[in-house]
Amino acid sequence: KPTGTDPRILSLAAEVAKSPEQNVPVILLKLKEIINNTPLGSSELKKIKRDIYCYDLIQYCLLVLSQDCSRIQGGWTTISQLTQILSHCCVGLDPGEDAEEFYKELLPSAAENFLILGRRLQTCFINAAKGEEKDEILHFFQIVTDSLFWLLGGHVQLIQNVLQSDHFLHLLQTDNVQIGSIVMTLLQNILRINSGDLLRIEGKTLHSILDEVIFKILSTPSPVIRSTSTKLLLLMAESHQEILILLRLSACYKGLRNLLNKQETGTEFSQELTQLISLLSPQIYQEVEDQKLHQAACLIQAYWKGFQTRKRIKKLPSAVIALQRSFQLEKYNREMEEKSALIIQKYWRGYRERKKFYQQRPSLTEYKAAVTLQRAVLKFLAKCRKRKKQLAPWQRLQELTDARRVELKQQVDDYIRRHSDSQISGVASRELHAQAQEQLQHYFMGRTLEERAQQHREALMAQISTNIEQLMKAPSLKEAEGKEPELFLSRSRPVAAKAKQAHLTTLKHIQAPWWKKLGEEPGDEIDVPKDELSIELGTLFIGGTKPP
């Protein structure tokens, strides 16, 4: 689910999930208020549509539209509003990772459900008895067709599916004037969006649409239907030359021009009717035939030029071979000379670099020795600086110059002059000095005792750690054999092990080369790797060790 979802969508989705099935359609109508209160074309509206899709509210609307209208609270009023909500939510929606499911399943299903709802409303309109009821159903039918047109305007790939649908053809073939006018207007608006889909449908379906449009022009008494049908047929003929040729040459529409001439003149669609008749006239037919001949001539020329080009290409390899026979040997010799020169240069450079390396080997050895000495000296100097820094608080003060003494004495006199009331006698100063010396002596004596106590505590902690380590490694009483328990009663074993470890460490340090001991002082700790000590200590038994 997306982050930062609108709380209204979350609340609505939770309410839909918890409510009974019969209450879901009315709850979904709240989406209309949420969409209408958001600015059109804003990023906030796109985010709301994305949230609605992610929480399956669009799918709920689609499921409601497929149910029986009599079982839905609010009837056609709720259904018509849900079609508006569904179309507005689907247009401008970015499905993200679910694009394939959205474009191949949900959108075609929504368009098909709109057409099915249109057929149901058509049936209800025909069966309705009262005029008020008919007007109300016609209003709902207009809302459904407008929602379908809005959906097709946002997703033009659905136009081909709608034109090929049997439900749409059934709606187009109605005899009712009001329903037929709405459907014809819808078809006209669809073709204005993208008329190219009309040629991509099956030929049988295209003939059915043309037959119905022509039938309405010639046989319907309603001037509204005849006007809309004439404009629609004129739009088809002007947009697609193939349809114009079909109307002029096909045996199915033979005599169409004569029948159109017999239509009444002076009506509001007489101008469109005149244009349609002129398109079907022999002069226009001759222009179409000339254009067909021109296209055929262009096609023949294209095939002939392609044949000539392929013929020349087939002869090209023989010409290339002839040229290669004349210049191939010279090119081969030049390439071999370049490769030979490169090989000679490579071997000569390798020999020269190896010779320089052997000549520079003593210098490299001296350089490494100098680096080792420098590293040892720098380490020694760092230790000296560290030792001086540690002893710096206890060093004597630097001797003062005469100018500094005079300056300090002047500062003291100034201070005494400004604080004359706080002067004390010389006897009191000596007593105060004696007290300070006595307190300082007590402090140093106490610090010595405290250091000894700290060392004693550290020794006890080390002893406790050793005992704990031995106890952790000791075998259980069931596994203990012989005099192993008695080993824990004596402290000589750990002491001997520690002494031997210190002895081996000293021996390793003594046997090390001189350059490893540069910069070390007698008081420095000796660092010997543990893996070197483990070889010597392997034969020493320490009390409390588990057997392997």
Item to check | Those helices (runs of 4 or more DSSP H) lying entirely in region 107-176 with at least 3 residues surrounded by fewer than 17 Cβ atoms within 10 Å (Cβ to Cβ) and among the polar types (S, T, N, Q) | outcome: 107-127
Checklist entry - Which of the residues that make up region 36-50 are touching a helix residue (DSSP H, G or I) at 6+ places or on another chain (Cβ under 6 Å) and either aromatic (F, W, Y) or closer than 23 Å to L63 by Cβ (or both)? => result K49
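Here's the yes/no breakdown for (1) modelled with pLDDT of 85 or more; (2) more than 26 Å from N37 (Cα to Cα); (3) within 36 Å of the chain's Cα centre (by Cα):
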site	(1), (2), (3)
E112	yes, yes, yes
C124	yes, yes, no
E133	no, yes, no
I137	yes, yes, no
I143	yes, no, no
G153	yes, no, yes
Q157	yes, yes, yes
Next on the checklist: Residues that are farther than 28 Å from T123 by Cβ and either of a type in the set (S, T, N, Q) or touching a Lys or Arg at 6+ places or on another chain (Cβ under 8 Å) (or both): does region 206-219 have at least one?
Outcome noted: no
Checklist entry - Has region 272-293 got any residue that is under 27 Å from N176 (Cβ atoms), of a type in the set (K, R) and at pLDDT 70 or above? => result no
Item to check | Flag for T448 being β-branched (V, I, T) and at pLDDT 60 or above | outcome: yes
Next on the checklist: Given the criterion touching a residue at least 60 places away in the same chain (Cβ under 8 Å) and either part of a helix (DSSP H, G or I) or not basic (K, R) (or both), identify the matching residue among T77, T5.
Outcome noted: T77
Checklist entry - Would you say I27 is within 25 Å of Y103 (Cα to Cα) and surrounded by 13 or more Cβ atoms within 10 Å (Cβ to Cβ)? => result no
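The values are calculated or read from the model by the stated rules, or taken from the named source; none is laboratory data. It should be emphasised that the depicted structure is a prediction, and the values quoted were computed from it without experimental measurement. With ideal geometry, Cβ positions are generated from the backbone for all residues, glycine too; neighbour counts draw on all protein chains shown.
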